[in-house]
1. All but one of (1) within 13 Å of the chain's Cα centre (by Cα); (2) buried (at least 18 other Cβ atoms within 10 Å of the Cβ); (3) at pLDDT 85 or above; (4) over 18 Å from residue 44 (Cβ atoms) hold for residue 202, so report the exception by its number.
2. State whether the residues of region 73-89 include one that is at pLDDT 90 or above, more than 16 Å from the chain's Cα centre (by Cα) and outside any helix (DSSP H, G or I).
3. Out of the residues in region 205-244 that are outside any helix (DSSP H, G or I) and modelled with pLDDT of 80 or more, state the one that is surrounded by the most Cβ atoms within 10 Å (Cβ to Cβ).
4. Return a yes/no flag: does region 245-260 have any residue that is out of contact with any helix residue (DSSP H, G or I) (no Cβ under 6 Å at 6 or more places or on another chain), surrounded by fewer than 17 Cβ atoms within 10 Å (Cβ to Cβ) and free of Cβ contacts under 8 Å to residues at least 12 places away in the same chain.
5. Within region 184-199, which residues are under 10 Å from residue 24 (Cα atoms) and either modelled with pLDDT under 75 or surrounded by 24 or more Cβ atoms within 10 Å (Cβ to Cβ) (or both)?
6. What pairs come up if the first residue lies in region 91-102 and is within 15 Å of residue 150 (Cβ to Cβ), the second is part of a loop (DSSP other than H, G, I, E, B) and at pLDDT below 75, and their beta carbons are under 6 Å apart, counting only those six or more places apart or on different chains?
7. How many residues, within region 3-18, are assigned to a helix (DSSP H, G or I) and in contact (Cβ under 8 Å) with a residue 12 or more places away in the chain?
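The values are calculated or read from the model by the stated rules, or taken from the named source; none is laboratory data. Just so it is clear, the structure is predicted and the values come from calculations on it, not from any experiment. Cβ placement follows ideal geometry from the backbone for every residue including glycine, while neighbour counts extend to all protein chains displayed.
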């Protein structure tokens, strides 16, 4: 078991709050966004993917391997266990996605048409509006399920290394923005109430800090090299899945191949520079 001080706990927890509640930013953007303004979002999503992919392979997976190697004093076994956990994280994410309907799955990119501001349509029936609102509510629940492990991933990374925790929190915050849009748009379209749509999106992000706290207190008595090895392996897998299943396709939808590649390159470059800089401090 490892000791965690209040000074470590609070900053790590606040990072998960920041990352999770950025769904509220997505809700606000959904109310005012136009198709021509999506280039920045495309680059941002590519940037987030670049950060996640780089830090997963260069730092987090390596931490998992080092933890297992320290226990068993066998580099090959350590690497094998780390890879097993890594693919376990990918499998877990895919399993969660498997049981979420496609039309409410936050990992299904929304088109420009879905992101445009709603114009009033008097032909919309009450039944259709109810269906739209139900879609928004179920999307909020789906996002909550997806954000739960992401919150724990951010929290554990920040406890171990605050510099990595900050970059992961920023990357997850960026990818939570379109998820906030996915929640707020159907509710706003159905009710015409911006306040209600915003709060549904905002509350859906609370799953992230809740996941951090629940995961922390469940695993705290077991926290040691083995638990850290398993956790970091799974975290790396989850982040890679998010990058390739959600961030990169979404970046492509909101922009084009050039904006996506630009975002990825910038994300990897910033992550690489920041990791080197933190080691020099």
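1. Every listed condition holds for residue 202 apart from (1).
2. Looking only at region 73-89, we keep the residues that are at pLDDT 90 or above, and these are 73-89.
From the residues that got through so far, the ones that are more than 16 Å from the chain's Cα centre (by Cα) too are 73-88.
With outside any helix (DSSP H, G or I) added as a condition, the list becomes 73-74.
Looking for residues that are at pLDDT 90 or above, more than 16 Å from the chain's Cα centre (by Cα) and outside any helix (DSSP H, G or I), one finds at least one in region 73-89, hence yes.
3. Our first condition is that a residue be outside any helix (DSSP H, G or I); within region 205-244, this holds for 205-206, 223-224.
Within this subset, residues satisfying the condition of being modelled with pLDDT of 80 or more are 205-206.
Values: 205: 31, 206: 16.
Checked region 205-244; the qualifying residue surrounded by the most Cβ atoms within 10 Å (Cβ to Cβ) is 205.
4. yes
5. In the first step, residues of region 184-199 are kept if they are under 10 Å from residue 24 (Cα atoms); the result is 184, 197-199.
Answer for region 184-199, where residues must be under 10 Å from residue 24 (Cα atoms) and either modelled with pLDDT under 75 or surrounded by 24 or more Cβ atoms within 10 Å (Cβ to Cβ) (or both): 184, 197.
6. As it stands, the answer is 97/107, since those pairs meet every condition given.
7. Residues of region 3-18 assigned to a helix (DSSP H, G or I): 6-18.
Subsequent filtering for residues that are in contact (Cβ under 8 Å) with a residue 12 or more places away in the chain retains 8-9, 11-13, 15-18.
Total satisfying the criteria: 9.
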